[in-house]
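The values are calculated or read from the model by the stated rules, or taken from the named source; none is laboratory data. This one's a predicted model, so the numbers in the text were calculated from it and none came from an experiment. Positions of Cβ are backbone-derived with ideal geometry, glycine not excepted, and every protein chain shown enters the neighbour counts.
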Amino acid sequence: MDVALEAATLLSGRPTNFEINQKSSAVDFATQMDHASEALIVERLLAARPLDGIIGEEGAQRDSQSGITWVIDPLDGTVNYFYGLPGWNVSIAAKNDEGVLVGVVAAPTINSLWTATVGGGAFWNGNPITCNDPVRLDRALLATGFSYSLAKRVGQAEFAKKLIPDVRDIRRAGAAAVDLCHVAMGAVDGYFEIDLKEWDLAAGGLIAREAGAIVSGRNGGAAGEEMVIAAGPALHRELTARIG
């Protein structure tokens, strides 16, 4: 938790000029602050736990000798950060061979720190949280995001067009970890998005599950780089049937 907060404090000193490097497409990029945050997190974690492994969005990679690997998104919501919009965050999780054990998401622009441990519940700013359940699809406020693949965005837009008449509304916040945490605390009822990577999902997914949500991939399978669905059990069943 302290490392996530330290990285969030670093990022809060947002620069006036950005150094940009393109990743998978022209709309998928990292800044010098993504890299600075990841470097800080890796340094702090390995100073405390030198035998642990690392998986970082910006390229940090280290095999684990302890059985524990840290999954790091040093700046989730880079586009929000670049434009000066709220909701960007630092997402850090620890996992072993059985799954994610600890998750922390720090989002200073919305005064939010979410935490969870496996079997220990989920918390927002120190207060226990639970997802909304039961919720019917026609009363559901849903969150989503769009792929960096321009071709996939066309299909996503068509799907959203068909879904909008059948739900309360759809929100697009721009940061997957926060969307998952919003499911956990009931700020939205459900969330769906395609092409999430492990660092997008690890911490926020644990927080949502510990708050009572089901987090799964397409057709109820394991969550991964296809469609991820997160919601309370009743809504999850409806979303899985509709999206699947």
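In segment 62-98, what count of residues is obtained for those that are polar (S, T, N, Q), without any contact (Cβ under 8 Å) to a residue 24 or more places away in the chain and in contact with a strand residue (DSSP E or B) (Cβ under 6 Å, 6 or more places away or on another chain)?
Filtering segment 62-98 for residues polar (S, T, N, Q) gives 64-66, 69, 78, 80, 89, 91, 96.
Cutting the leftovers down to without any contact (Cβ under 8 Å) to a residue 24 or more places away in the chain gives us 64-66.
Narrowing further to those that are in contact with a strand residue (DSSP E or B) (Cβ under 6 Å, 6 or more places away or on another chain): 64.
Here the count works out to 1.
When you scan segment 142-243 for helices (runs of 4 or more DSSP H) that lie fully inside it, which ones turn up with 3 or more residues that are under 20 Å from Thr130 (Cβ atoms)?
Values: elements: 150-163, 176-185, 198-210, 233-243.
Result: 176-185, 198-210, 233-243.
Regarding Ala30, is this residue crowded, with 18+ Cβ neighbours inside 10 Å, touching a helix residue (DSSP H, G or I) at 6+ places or on another chain (Cβ under 8 Å) and at pLDDT below 95?
Values: crowded, with 18+ Cβ neighbours inside 10 Å: yes; touching a helix residue (DSSP H, G or I) at 6+ places or on another chain (Cβ under 8 Å): yes; at pLDDT below 95: yes.
The answer is yes for Ala30.
What are the residues in segment 100-132 that are at negative phi, in a strand (DSSP E or B) and touching a Pro at 6+ places or on another chain (Cβ under 9 Å), if any? Talk me through it step by step, then tell me what you get.
Initial filter on segment 100-132 (at negative phi): 100-110, 112-118, 120, 122-124, 127-132.
Subsequent filtering for residues that are in a strand (DSSP E or B) retains 100-107, 112-117, 122-124, 127-128.
Result: Ala107, Ala122.
Among Leu5, Leu45, Leu101, Leu40, which is the only one that is touching a residue at least 12 places away in the same chain (Cβ under 8 Å) and out of contact with any strand residue (DSSP E or B) (no Cβ under 6 Å at 6 or more places or on another chain)?
Numbers: Leu5 fails: out of contact with any strand residue (DSSP E or B) (no Cβ under 6 Å at 6 or more places or on another chain); Leu45 fails: out of contact with any strand residue (DSSP E or B) (no Cβ under 6 Å at 6 or more places or on another chain); Leu101 fails: out of contact with any strand residue (DSSP E or B) (no Cβ under 6 Å at 6 or more places or on another chain).
When all the criteria are applied, what remains is Leu40.
How many of the residues in segment 111-136 are surrounded by 14 or more Cβ atoms within 10 Å (Cβ to Cβ), in contact (Cβ under 8 Å) with a residue 12 or more places away in the chain and under 19 Å from the mean Cα position of the chain (by Cα)? Before the answer, list the steps.
Of segment 111-136, the ones surrounded by 14 or more Cβ atoms within 10 Å (Cβ to Cβ) are 112-118, 121-124, 129-133, 135.
The next check asks that each one be in contact (Cβ under 8 Å) with a residue 12 or more places away in the chain; those that pass are 112-118, 121-122, 124, 129-133, 135.
In the following step, the residues that additionally are under 19 Å from the mean Cα position of the chain (by Cα) were identified as 112-118, 121-122, 124, 129-132.
Of the residues in segment 111-136, 14 are surrounded by 14 or more Cβ atoms within 10 Å (Cβ to Cβ), in contact (Cβ under 8 Å) with a residue 12 or more places away in the chain and under 19 Å from the mean Cα position of the chain (by Cα).
Restricting the first residue to segment 191-220 and requiring it to be more than 13 Å from Gly103 (Cα to Cα), which pairs with a second residue that is acidic (Asp, Glu) meet a Cβ separation below 6 Å and a spacing of at least six or different chains?
Tyr191/Asp179; Asp195/Glu225; Gly217/Glu226; Arg218/Glu226
Quick test for you: out of Arg172, Arg139, pick the one residue that is basic (Lys, Arg), surrounded by fewer than 21 Cβ atoms within 10 Å (Cβ to Cβ), touching a strand residue (DSSP E or B) at 6+ places or on another chain (Cβ under 7 Å) and touching a residue at least 12 places away in the same chain (Cβ under 8 Å).
Working: Arg139 fails: touching a strand residue (DSSP E or B) at 6+ places or on another chain (Cβ under 7 Å).
Exactly one residue qualifies, and that residue is Arg172.
Kindly evaluate Ala7 against the criterion of being surrounded by fewer than 18 Cβ atoms within 10 Å (Cβ to Cβ) and among the hydrophobic types (A, V, I, L, M, F, W, C).
On the way: surrounded by fewer than 18 Cβ atoms within 10 Å (Cβ to Cβ): no; among the hydrophobic types (A, V, I, L, M, F, W, C): yes.
No, not satisfied.
Just give me the residues in segment 85-99 being at positive phi and assigned to a strand (DSSP E or B), in sequence order. Break it down stepwise before answering.
Initial filter on segment 85-99 (at positive phi): 87, 99.
Within segment 85-99, just Gly99 meets the criteria.
Would you say Thr109 is within 28 Å of Arg168 (Cα to Cα), modelled with pLDDT of 95 or more and in contact with a Phe, Trp or Tyr (Cβ under 9 Å, 6 or more places away or on another chain)?
Working: within 28 Å of Arg168 (Cα to Cα): yes; modelled with pLDDT of 95 or more: yes; in contact with a Phe, Trp or Tyr (Cβ under 9 Å, 6 or more places away or on another chain): yes.
Answer is yes for this residue.
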